[in-house]
Amino acid sequence: MKTLWLVRHARPLVAADCCYGRLDVAVDPQATRQAARSLHQALAALQQGCVIRHSPLRRCEQLALALQGLDASFTSTADARLLEMDFGHWEGRHWDAIGEETIAAWADDLALHAPGGGESLAHMLARVNSALQDARAESAEHIVWIAHAGVARCVQWLLGHGAALPHSTQWTLPAPRYGQWMRVGLPP
């Protein structure tokens, strides 16, 4: 069975209570280098090659470039389907400033509501599912996605629930910590 590595970018340089989804924020350079070194060690231990894709946001691209800087054989390709959720006009705002009532409206219709006029979870699930189908068709046994917490949660949901749409009480899936990863089996 193929293995999909869901790698999360290093810690972004934003306030902890900031909604930053698709906001193209910088990341801690030292944390990015450390994440690249750890990922390089794990990938170098594989007996076969891997395919690496990354979100085009700079926090993911920087990790992909740092990994390539350690080993030129690790090349990656940007894939817009691996972007984090688009939170529209919520982007860059503190969660408290968005307002509890507004966030509750999103939670009431988690799958179909587009927070901040951005992107619904249903749309995000569809684009991640498209990337997942392409990953299944890859010839490599190891596929590495350098992406975001939301993408990791979408993959887990899709592998466990298929096309069903989640309710907010079901959206409790784990995600890798900054600069870390999780591996999931990718059935054909």
(message) To test your reading of the geometry: what angle, between 0 and 90 degrees and rounded to tens, separates the Cα axis of helix 121-137 from the longest principal axis of the chain?
(response) 20
(request) Note the full-extension length gain between His161 and Ile103 as 0.36 nm times their separation in residues minus their Cα-Cα distance, in nm to one decimal. (result) 18.4 nm
(message) Using a 10 Å cut-off around each Cβ, can you sort Tyr178, Tyr20 from fewest to most neighbouring Cβ atoms?
(response) Tyr178, Tyr20
(request) Report ³J(HN,Hα) in whole Hz for each residue of the range 182-188, in order, from the Karplus equation J = 6.51 cos²θ - 1.76 cosθ + 1.60 where θ = phi - 60°; Gly and Pro get x. (result) 9, 10, 10, x, 10, x, x
(message) Just to confirm the filter: which trypsin sites (Lys or Arg not before Pro) across the range 20-78 are DSSP coil and have at most 10 other Cβ within 10 angstrom of their Cβ?
(response) none
(request) Choose one answer from Asp86, Asp108, Asp24: the residue with the largest mean-square fluctuation in a GNM of the chain with alpha-carbon springs under 10 Å. (result) Asp108
(request) For the chain, find the longest principal axis of its Cα atoms and tell me its angle to the long axis of helix 29-44, 0 to 90°, nearest 10. (result) 50
(message) At a threshold of 8 angstrom on Cα-Cα distance, excluding pairs fewer than six apart, so keeping six or more, what relative contact order does the range 2-186 reach in percent?
(response) 37
(request) Apply 1/(1 + (r/R0)^6) to the Cβ-Cβ distance of Leu65 and Gln41, taking R0 = 30 Å, and write down the FRET efficiency to the nearest 0.05. (result) 0.95
(request) Using only Cα atoms, tell me the angle between helix 58-70 and the longest principal axis of the chain; keep it within 0 to 90° and round to the nearest 10. (result) 10
(message) Just want to confirm a number: the relative contact order over the range 7-91, from Cα pairs under 8 angstrom separated by 6+ residues, in percent.
(response) 38
(request) Please find, in a Gaussian network model of the chain (springs between Cα atoms separated by less than 10 Å), the residue of Ser168, Ser55, Ser76 whose mean-square fluctuation is greatest. (result) Ser168
(request) At 0.36 nm per residue, minus the direct Cα-Cα distance, what do Asp134 and Ala72 gain on full extension? Give it in nm, one decimal, please. (result) 19.9 nm
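We did not get these values from a lab; they are worked out from the coordinates using the rules stated. This structure is a prediction, so every number in the text was calculated from the model and none was measured. Methodologically, a virtual Cβ is constructed for each residue, glycine included, from the backbone with ideal geometry; neighbour enumeration extends over all protein chains shown.
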